[in-house]
Amino acid sequence: MTSSDPGPALSLDDVRHVAALCRIGMTDDELERMRVELADLLAEVALIQSVDTAGVEPTGHAVDNVNSVMREDEPADPMPVDDVLLNAPVREGGYFRTRSVLE
């Protein structure tokens, strides 16, 4: 994206609305910086959408003959608890002990 092509016009109110939807508090300076960055991002998306992909074969896992290197998922007996907890930094009884996540 070049400075001569500013991309889609976004107002500060547009950015405020998106920030409110995301529950993100932003200062006026952050809103202005985000307005410019979002406009640049939307311009890049528009550029990608303008590329003619007719006749382009799909790549990656979109093809039918993908050979996975993963093993088959077959049920098995669970590992013994002591083996599972062998490398646990802290354990309490038969469980991993972690710091509290919620207050």
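The values are calculated or read from the model by the stated rules, or taken from the named source; none is laboratory data. Keep in mind that this is a model prediction, so the values were computed, not measured. Here the Cβ is made from the backbone with ideal geometry for all residues, glycine too, and neighbour counts use every protein chain on show. Just so you know, the surface numbers come from the protein's heavy atoms only, side chains and all, with ligands and any DNA or RNA stripped out. Shrake-Rupley method; radii C 1.70, N 1.55, O 1.52, S 1.80 Å.
Values computed for the structure shown
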item: Flag for ARG23 being open to solvent by 100 Å² or more (accessible area, probe 1.4 Å), part of a loop (DSSP other than H, G, I, E, B), within 24 Å of ALA9 (Cα to Cα) and modelled with pLDDT of 90 or more; result: yes
item: Which numbered condition LEU38 misses (of (1) open to solvent by less than 90 Å² (accessible area, probe 1.4 Å); (2) closer than 30 Å to ALA9 by Cβ; (3) in a loop (DSSP other than H, G, I, E, B)); result: (3)
item: Residue match in segment 46-64 (condition: part of a helix (DSSP H, G or I) and of a type in the set (Val, Ile, Thr)); result: yes
